[in-house]
Amino acid sequence: MNTNGKVPLVDLVTLHQELEDELVSVFRSALNTAGFVGGPMVEGFEREFAEYCDAQHCVGVGSGTDALRFALIASGVQPGDTVVTVPNTFIATTEAISQAGARPDFVDIDERTYTMDPEKLSAYLETECTPDQRTGRVVSKRTGSLVTAVIPVHLYGQMADMDPILELAARYELIVIEDACQAHGAEYLSSREGRWRRAGSMGRAAAFSFYPGKNLGACGEAGAITTDDEGLARRCQMLRDHGQPRKYSHDIEGYNGRLDAIQAGFLRVKLRHLAKWTDQRRERARRYDELFAHAVGTLILPYVPWWSRPVHHLYVVRVLDRERLQKDLAAAGIGTGIHYPVPLHLAKAYESLGFRVGHFPVAEQAASQVLSLPLFPELSPEQQHRVVTILLRSLAHSRALSATGSVPVTSP
Ligand SMILES: Cc1ncc(COP(=O)(O)O)c(C=O)c1O
């Protein structure tokens, strides 16, 4: 435990101190060759990360947001199309939709996994869309445009329920882009295929973020697209590099969205440790589950369905009196986070879309109750014990204060 008893939400310092020699040698080799953009470090990382995700291709880009935007454009989403996702994600998911020229629309989430509810997606496609007379494809009644893609978000390190989403996508001719920005190495047991599938290998393409706090994080900004579609990978390579397949031969207008070579080198070093870090995260999540086992009824623990092997990017509980709990934890030096406090349909940025409170009640309730507890590979048993002790003490105190006695949050 830190000598001052503090427990941060995430500890990025210890990890980098441990890897310092390896990371410095990457930096030295970049200085020696001046290979800062593209080249063997980027290509090496792309090969290794594609293999890690069981995908044919990986295209390194500047961020997870770039990855989502390029994947949407390269997969054929057209300006004016509607792209469906969930409201409880980081705004980058919907920013990418808008930046690709499309319009975001939402379906609600499953109350236990917090990922896209396939039944709500089915209901959306059947009742909130109408078939286009000419093509038979579906048009959103709200946006008035063709629904061409869906982005399931693998939130907190757990994949969305992909089998039914892929079935609906096939039936309604939707492109599936996985938002795997929080799910490096997460797995899904596909009943259709009778095998475990990795995040990044199930949709037409997937987007990963390597923001420093992610399970696989760069020492700056970075992201990647994975796909089995070679043409899509080539288009992403052009999009990230000003639309040029060769220098100064611009086939289309693109972006400056390349993966920095030094970051690629850092990511190669870290990728070698990712399986160990994932095991450590799983062990720590299991320990929280055990320590909280007798408190179920006063808080809701993360739910892992039989078809999921999550990588625990975040350990998120649900509580009623979150503000008070967060204050008590902060007073004890314990860091927490809220992912995310405002569901996107209610964000100011999307006021013009016309959504109101009550449109996506499950996402809204989750947004008001979720609390992310400290979780990182180096988190010690003593630190976890302290988090749990303070949290349970605060919950007991709030119940004692409550005039009506306990108001338990029941399991969904
Ligand atoms: C679910 C989700 N999507 C997209 C992104 C965007 O990634 P980046 O910050 O690398 O652009 C993030 C990163 O926070 C994320 O968590």
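The values are calculated or read from the model by the stated rules, or taken from the named source; none is laboratory data. Keep in mind it's a predicted model, so treat the numbers as computed, not measured. Because the Cβ atoms are built from the backbone with ideal geometry, glycine has one as well, and the counts that use them run over all protein chains shown. What goes into the accessible areas is simple: the full protein's heavy atoms, side chains included, and nothing from ligands, DNA or RNA. Shrake-Rupley method; radii C 1.70, N 1.55, O 1.52, S 1.80 Å.
Some points to look at:
- Rounded to the nearest 20 debye, the dipole size of region 136-184 about its Cα centre is 340 debye, using +1 on the Cβ of Lys and Arg and -1 on the Cβ of Asp and Glu.
- Prolate/oblate/rounded label for region 30-72 (Cα gyration tensor, a/c 1.5): oblate
- Centre-to-centre separation between the Cα atoms of region 109-160 and those of region 293-332: 28 Å.
- Projecting label points 7 angstrom from Cα along Cα→Cβ for Glu230 and Glu378 puts them 4.4 nm apart.
- Residue-level accessible surface for His250, protein heavy atoms, 1.4 Å, Å²: 100 Å²
- Rounded to the nearest 20, the size of the Cβ-charge dipole of region 1-151 about its Cα centre is 620 debye, with Lys and Arg at +1 and Asp and Glu at -1.
- Calculated P(r) of the chain - Cα pairs past 31 Å, %: 40 percent
- The translational diffusion coefficient of region 1-102, from Stokes-Einstein at 10 °C and 1.306 mPa s with a Kirkwood hydrodynamic radius over alpha carbon pairs, comes to 92 µm²/s.
- Listed by chain and number, the lysines placed with their C-alpha closer than 19 angstrom to that of Lys270 are Lys214; residues fewer than eight positions away on the same chain are left out.
- Working from Cα pairs under 8 Å separated by at least six residues, relative contact order for region 205-246 is 30 percent.
- Remark: accessible surface ordering of Asp117, Asp321, Asp251 (largest first) is Asp251, Asp321, Asp117, probe radius 1.4 Å.
- Efficiency of FRET between Thr130 and Val304 - r from beta-carbon atoms, R0 35 angstrom, step 0.05: 0.40
- Ordering Asp105, Asp228 by accessible surface, largest first, gives Asp228, Asp105; the 1.4 Å probe counts only protein heavy atoms, with every chain in place.
- Shape of region 3-42, Cα gyration tensor, a/c cut at 1.5: prolate
- Within the accessible area of region 1-133 (1.4 Å probe), percent carbon and sulfur: 50 percent
- Computed over region 285-350, the Cα gyration tensor eigenvalues convert (square root of 5λ each) into semi-axes of 23, 19, 12 Å, ordered from largest to smallest.
- Compared with the alpha-carbon gap, the fully stretched path from Thr14 to Trp196 is longer by 62.3 nm at 0.36 nm per residue.
- Region 248-399: C-alpha gyration tensor shape, a/c 1.5 cut-off, then a/b vs b/c: oblate
- Solvent accessible area, Å² - Arg195, 1.4 Å probe, full protein context: 120 Å²
- Mean Kyte hydropathy of 0.5 or more with a Cα span along the axis of at least 24 Å, helices from DSSP in the chain: none
- FRET efficiency for the pair Arg47 and Arg324, taken as 1/(1 + (r/R0)^6) with r the Cβ-Cβ distance and R0 = 60 Å, rounds to 0.75.
- Accessible-area composition of region 292-386, carbon plus sulfur, in percent [1.4 Å probe]: 56 percent
- Area accessible to solvent at Phe360, 1.4 Å probe radius, in Å²: 20 Å²
- Averaged over its residues, the chain has an accessible area of 43 Å² per residue, based on protein heavy atoms and a 1.4 Å probe.
- Expressed as a whole percent, the proportion of Cα-Cα pairs in region 54-151 lying more than 24 Å apart is 25%.
- Amide hydrogen neighbours beyond the local backbone of Ser63, cut-off 5 Å, H modeled: Gly223
- Taking a straight Cα-Cα cut-off under 19 Å and skipping sequence neighbours fewer than 8 places away in the same chain, the lysines within cross-link reach of Lys141 are Lys120.
- Contact order relative to length of region 239-302, as percent, for alpha carbon pairs under 8 angstrom and 6 or more apart: 19 percent
- Cross-link partners of Lys6 among lysines (Cα-Cα below 18 Å; sequence separation of 8 or more within a chain): Lys327
- Only helical runs count toward this figure. For the chain, summing -39,500 (n - 2.57) over DSSP H runs of n ≥ 4 and dividing by all residues gives -12000 deg cm²/dmol at 222 nm.
- Contact order, relative form, for the chain: 21 percent (alpha carbon pairs under 8 Å, 6 or more residues apart, mean separation divided by residue count).
- Pair-distance distribution P(r) for region 167-298, from all Cα-Cα distances in 5 Å bins starting at 0: 2, 9, 13, 16, 18, 14, 12, 9, 4, 2, 1, 1, 0 percent.
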